Structures are given as structure tokens and as C-alpha cells.
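The values are calculated or read from the model by the stated rules, or taken from the named source; none is laboratory data. All figures in this text were calculated on a predicted structure; none of them were measured in a lab. Note that we place each Cβ from the backbone using ideal geometry, even for glycine, and neighbour counts take in every protein chain shown. To get the accessible areas, we keep the full protein, side chains included, count just its heavy atoms, and leave off ligands, DNA and RNA. Shrake-Rupley method; radii C 1.70, N 1.55, O 1.52, S 1.80 Å.
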Amino acid sequence: MSDTAQRRTGGRWIQEWRPEDTEFWERTGRKVANRNLIFSVFSEHIGFSIWSLWSVMVLFMGKGYGIDPAGKFFLVAMPTLVGSFVRIPYTFAVARFGGRNWTIVSALLLLVPSLAAAYVMHPGTSYTTFMVVAALTGVGGGNFASSMTNINAFFPLRKKGWALGLNAGGGNIGVPVIQLIGLGVITWAGATSPRLVLGIYIPLIAVAALCSALFMDNLAQLSNDTGTFKAILKEKHTWLMSVLYIGSFGSFIGFSFAFGLVLQNQFGRTPLQAAQLTFIGPLLGSLIRPVGGWLADRWGGSRITFWNFVAMATAASVVTYASSIKSLPVFLVGFIALFVFAGVGNGSTYKMIPGIFEAKAQDRIAAGDTPEDAAAWARRMSGAAIGVIGAVGALGGLFINLAFRQSFLTAKSGTPAFVSFLAAYAVCFALTWAVYLRRPTAARTDAQAPALARV
């Protein structure tokens, strides 16, 4: 027995896993997969909260901190930058160490940025120190990639849209939850008590790690394959889907981090007034993400994604108009709609990823591969793609905050930034139509468009 095989034995390692086998799924698979999903959601939820920690901390940073609006936008952009890069190693850590094992480690790593923030969060701390500590919270963004890769392996294709949507939505909701906690602290203790937020989350991090240890499992069949990573980087659909995920998830996380600052600088809201509104959009966007996955399961991910980007472009038009006339009610309607449609798009785009490689697997079977080998190939490729696409997509959050920063520096308004977002959504729905919805012509061979109608 190889060293790897010896390490992959024991009570928490599952040796046999065949989710596409209906009898196996009904007898054993569904119960085990759902149990792992529940505790994956919990750990990822805490990860998202810590990742978005500085969207709350900036609300506590009054004049005594000496940081201008442009500096605050840059501060909340730093976690998205780091979070996007750590998603790739987090993705492959699942296969290297096991989904359960890595969930424990990734949860415990959240203690580092949390304890550091509790130590530095006071007037007089240098801006450089704040930037370094904010960067540390990027590890919370990595939790998403490892969690999604792990859950993708547990569920059959027919259930992936709902399962991945629920997993991601439960994680995403960590953003509005920490913002609600921040609102509660500001309301009851004032804007001078940021450490109370961290006092709540540090124990929750320990609970998440303990629950992962007690109730989750590792899949022995998952294994690292450097060839898969190289192959996924050469796959054009990896980069096409990355663009779409920048449009959906990048919007969600970028707006989540920036919403409070936009309200303060565009409409003159106080920290308390901003905190009373910032959680609404992320909450609705998180709750509806599983619905996006369910709609994609039912009607096809590409179809839902296309119409969703059309809706996002429409909402961006409303926000641009409201920003130009400085109408807060109209602005809130449009901005919250952006969050909702971003949530739907998050679910539908992630459904498309395993669908693309399942379609390619069918082509491999037609070319002579066994169904088992083709299915294993599709799982490896879709798992790797989820990590890469999730990493690139998270960069959208960085772009959004940098766009706001430049917009407020040059125009003292967010309107130019909103115009750029509108253009980006137009690119996304045009790309979805051209690649995944347009009927193949004689010039497009099966090799160029492998069964994409099934995506």
C-alpha cells in the first residue's frame, strides 16, 4: 500500500463514493453528503464574515483614525485581493489533506486576522498596519473555494446546482450577518467599541473548527493532479466562466464591502445610518443564491445567466440615474436589485461549471473512454475549475472598490463607477449568448462547442 493510501484510511475517510449511482445515493450518499454540506456551510459562513470584517470596521473609523474616503475604499479592497489569490491553493488543499481536515485548518486560520484586528483597532494605529491586518482577513475568502470544491465532489450532477447554491449562499450570508452584528454594536455600545464584534466571532471560529472535526468526512477518491491544474488553465471555458463570475460574484462581494462607504460619501449618511442599510442587499443576495442554482438545474445555467445579466444591466442603469440625481430611495431600489440579481447569477454560473465538464465527459465516452473514467475526469476538472474561476471572480470585488475609489477621487461621486459596471454587465450577457446560447452553425464543430446546449 502506498504512503498516500495509508494516510487515507481511518474513520473519517470514505473509501467508496459513487453519487451518480442512484441506488448508492438513496441508500447512503444523500445522508452523508447533506451532513457534510451543513457543516461546510457553517464554516464557510464564518469565513465570509471574517473576509468582510473590514466592511464593518471602517464604520467604526471616525475622524480620530485620520483615514480619508479613498483610503477606506482601498482598505476594504485589500481583503478581496488576498482572498482571490488564496483560493487556488485552498482548492487543491482539499485533495491534498481531505475536505474535513482542511476545513478544520482553514477555520482555525481565521483566528489570526481576528486576533490581529482586535489588537490594532484603535485611533493612532498606522494606515500601513491597518492594510496588513486587512490583508490577513483574505484567508476567509479562501474558505469558499475549498468548501465548494469539497461539496462539488459529494453531490451528483443533478443535485449540484442546488447543493452548490446552498453551500455558497449559506457562506455568502456571513457578509450581512457580520454587518448586522456591527449595526447592533454601534446601536447599543456606540461607534467606539469595534472589539465587541471580534469578541463575538472569535468563539464562533473555535466552534466551526470543532464541528468540522466531529461531523465532516474526507473523500479518499479526491487526489491532487498537477496535470489537471495545467489542463484547466489551458481550457478556454475556465476563462470565459471567470469573466461571468467576475460579473456576478465580483459584484456581490465588491458591493458588499463598498455599500456602507458609498452611502456615507454619496449621500452623507452617518455610520449608524449606513449600518442600518448595508446588510439588506448582501442578505437578499445570499438568500437567493440557492434559487439561482435551482433555476439553473431546472432551466439551464446558461439561459438563467444570460437573462440575469440583462437584469443586472437594467439595475445598473437605475443606480446610475439615481446617483446622477442624488435620489437615495431610487438608488436603494436599484442597488438592492443589483445584489439580488448578483445572487441569482452566482448560483447559475456555478451550476454551469460542472455542466460544461459533464458535457465534455460525454464526448470523451463517445471517443472511447469508460463512463467511470470520464466521470472521474469531469469531477477533477470541475473541481479545479471551481477554484480557478472562484479566484478570478473574486478579483471583481477588487475592481469594484478601486473603481469607486477613483470615481470619488476624481468626480466626488460614484456615477462614473456605475457607468463602468453597466458596460461590464453588457459584456457578460453578450458573452453568455455568443458562447453558451447561440445555436451552432456549420462553422462551429462539435469540438469547438461540446454539447453546450446541456449546460
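Does region 325-336 contain any residue that is within 24 Å of Trp433 (Cβ to Cβ) and part of a helix (DSSP H, G or I)? Yes, the conditions are met somewhere in region 325-336. Residues in region 357-372 that are small (Gly, Ala, Ser), in a helix (DSSP H, G or I) and open to solvent by 40 Å² or more (accessible area, probe 1.4 Å): Ala366 only.
Candidates are the residues of region 64-77 that are crowded, with 22+ Cβ neighbours inside 10 Å and of a type in the set (A, V, I, L, M, F, W, C); the one that is farthest from Ser251 (Cα to Cα) is Leu75.
Taken over region 1-39, the criterion of being at pLDDT 90 or above and among the hydrophobic types (A, V, I, L, M, F, W, C) is satisfied by Trp13, Ile14, Trp17, Phe24, Trp25, Val32, Ala33, Leu37, Ile38, Phe39. Across region 321-340, the number of residues qualifying as in contact (Cβ under 8 Å) with a residue 40 or more places away in the chain and crowded, with 19+ Cβ neighbours inside 10 Å comes to 7.
Quick check, is Arg100 at pLDDT 90 or above, part of a helix (DSSP H, G or I), closer than 29 Å to Ala375 by Cβ and open to solvent by 10 Å² or more (accessible area, probe 1.4 Å)? Judged against the criteria, Arg100 is a match.
So Val344 fits all but one of (1) open to solvent by 10 Å² or more (accessible area, probe 1.4 Å); (2) hydrophobic (A, V, I, L, M, F, W, C); (3) at pLDDT below 90; what number is the exception? With respect to (1) open to solvent by 10 Å² or more (accessible area, probe 1.4 Å); (2) hydrophobic (A, V, I, L, M, F, W, C); (3) at pLDDT below 90, Val344 is out only on (3).
Scanning region 18-63 for residues that are open to solvent by less than 10 Å² (accessible area, probe 1.4 Å), over 30 Å from Val82 (Cβ atoms) and either of a type in the set (S, T, N, Q) or not in a helix (DSSP H, G or I) (or both) turns up just one, Pro19.
Here's the yes/no breakdown for (1) among the hydrophobic types (A, V, I, L, M, F, W, C); (2) on the phi < 0 side of the Ramachandran plot:
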{"position": "Val58", "(1), (2)": "yes, yes"}
{"position": "Ile67", "(1), (2)": "yes, yes"}
{"position": "Ser84", "(1), (2)": "no, yes"}
{"position": "Val94", "(1), (2)": "yes, yes"}
{"position": "Gly98", "(1), (2)": "no, no"}
{"position": "Thr103", "(1), (2)": "no, yes"}
{"position": "Ala107", "(1), (2)": "yes, yes"}
{"position": "Gly124", "(1), (2)": "no, no"}
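For the condition modelled with pLDDT under 90, hydrophobic (A, V, I, L, M, F, W, C), surrounded by 18 or more Cβ atoms within 10 Å (Cβ to Cβ) and within 21 Å of the chain's Cα centre (by Cα), Ile386 qualifies.
Restricting attention to region 380-424, the residues that are over 25 Å from Trp51 (Cα atoms), of a type in the set (Ser, Thr, Tyr) and touching a residue at least 40 places away in the same chain (Cβ under 8 Å) add up to 2. Whether any residue in region 344-358 is over 17 Å from Tyr245 (Cβ atoms), touching a residue at least 60 places away in the same chain (Cβ under 8 Å) and hydroxyl-bearing (Ser, Thr, Tyr) is what I want to check. No, the conditions are met nowhere in region 344-358. Does region 291-299 include one or more residues that are basic (Lys, Arg), farther than 29 Å from Pro156 by Cα and open to solvent by 10 Å² or more (accessible area, probe 1.4 Å)? No - not one qualifying residue is present in region 291-299. Being modelled with pLDDT of 85 or more, surrounded by fewer than 18 Cβ atoms within 10 Å (Cβ to Cβ) and not hydrophobic (A, V, I, L, M, F, W, C) holds for only one residue in Thr410, Thr415, Thr432, and it is Thr410.
Checking Ala375 against (1) modelled with pLDDT of 85 or more; (2) open to solvent by 10 Å² or more (accessible area, probe 1.4 Å), only one condition comes out false. Which one? For Ala375, the failing item is (1).
Only one entry in Ala367, Ala375, Ala411, Ala385 is out of contact with any Ser or Thr (no Cβ under 6 Å at 6 or more places or on another chain), closer than 17 Å to Val455 by Cα and of a type in the set (A, V, I, L, M), namely Ala375. The lone criterion from (1) of a type in the set (A, V, I, L, M, F, W, C); (2) outside any helix (DSSP H, G or I); (3) closer than 18 Å to Phe39 by Cβ left unmet by Trp162 is number (2).
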